[in-house]
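We did not get these values from a lab; they are worked out from the coordinates using the rules stated. Remember, it's a predicted structure, so these values are computed and weren't measured experimentally. In this analysis, Cβ positions are derived from the backbone assuming ideal geometry, glycine residues included, and neighbour counts consider all displayed protein chains.
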């Protein structure tokens, strides 16, 4: 029972944080890309600092996951095109829609049903990627 | 739910022809993410194009904001830093050069 519940709990914390911190707000993303507020940089910066500490905790064996197991990290393959071109495409969408894949679920729950259409459009994007994958530089 | 967006950003939105008032900015862009907003050429273009790009880009880059910008950088991965540079290049191009044109639809 707790095994299922723990995922819901972590998701709940993530969702509430995204909403209450306003990281899911279109206007916060627009403001961030115009460098007109510290707000988003504060959120992301805090998450990164905390993330570094937690990742180091896992790597040094100080921390374990909820099942008391060691957490392994698989390094990403080193290449340039997929991260740079993929990143640019993602950035274009992030700035236009004001949400990345986490907040889009949060906003459906927060009472903005148009994000259901947004969600279908993202799935269409992943299908298009799958279809073009072999032709794209990675 | 209101967001306390900076006065400079609100001014910029006003310059783009969007009527938002400082201190009363809503949570999402009304011109696209409400049903009346969505059922316009401009609103539908924003929602569908943005969604498509987010999905395509996240799969292509192998991660999104939480994956690359937070977890990847926290794990000190160079590919994640590169992806985040990409996010910002794309974002800056969008807000400065493409978004003003999409608003004219």
Rounded to the nearest 500, the 222 nm mean residue ellipticity computed for chain B from DSSP H runs (n ≥ 4, each -39500 (n - 2.57)) alone is -16000 deg cm²/dmol
Each label sits 7 Å from Cα toward the beta-carbon; between residue B:19 and residue A:110 the label points are separated, in nm, by 2.4 nm
Reduced to Cα centres, the span from segment A:42-119 to segment B:13-49 in Å works out to 26 Å
Shape call for the protein assembly as shown, from the Cα gyration tensor axes a ≥ b ≥ c (a/c under 1.5 means rounded, otherwise prolate when a/b beats b/c, else oblate), comes out prolate
Dividing the surface of the Cα convex hull of chain A by four yields a projected area in nm² of 10.8 nm²
Quick shape check on segment A:1-81: root eigenvalues a ≥ b ≥ c of the Cα gyration tensor, a/c under 1.5 is rounded, otherwise prolate if a/b tops b/c, else oblate, and it reads oblate
Among segment A:4-31, those whose backbone N falls under 20 Å of a label point 7 Å along Cα→Cβ from residue A:49 are A:17-18, A:21-23
Using the Cα gyration tensor of chain B, the equivalent ellipsoid's semi-axes, largest first and to the nearest Å, work out to 28, 17, 13
Yeah, segment A:69-138 with a ≥ b ≥ c from its alpha-carbon gyration tensor (a/c under 1.5 is rounded, else prolate when a/b outruns b/c, oblate otherwise) is oblate
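Among B:35, B:78, rank each residue by its count of other Cβ atoms within 10 Å, from fewest to most, as a rough exposure measure.
Exposure proxy ranking, most exposed first: B:35, B:78.
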Ranked by GNM mean-square fluctuation in chain A (Cα springs under 10 Å), the top entry among A:110, A:24, A:95 is A:110
Extend 7 Å from the Cα of residue B:76 along its Cα-to-C-beta direction; within segment A:40-57, residues with backbone N under 20 Å of that point are A:45-57
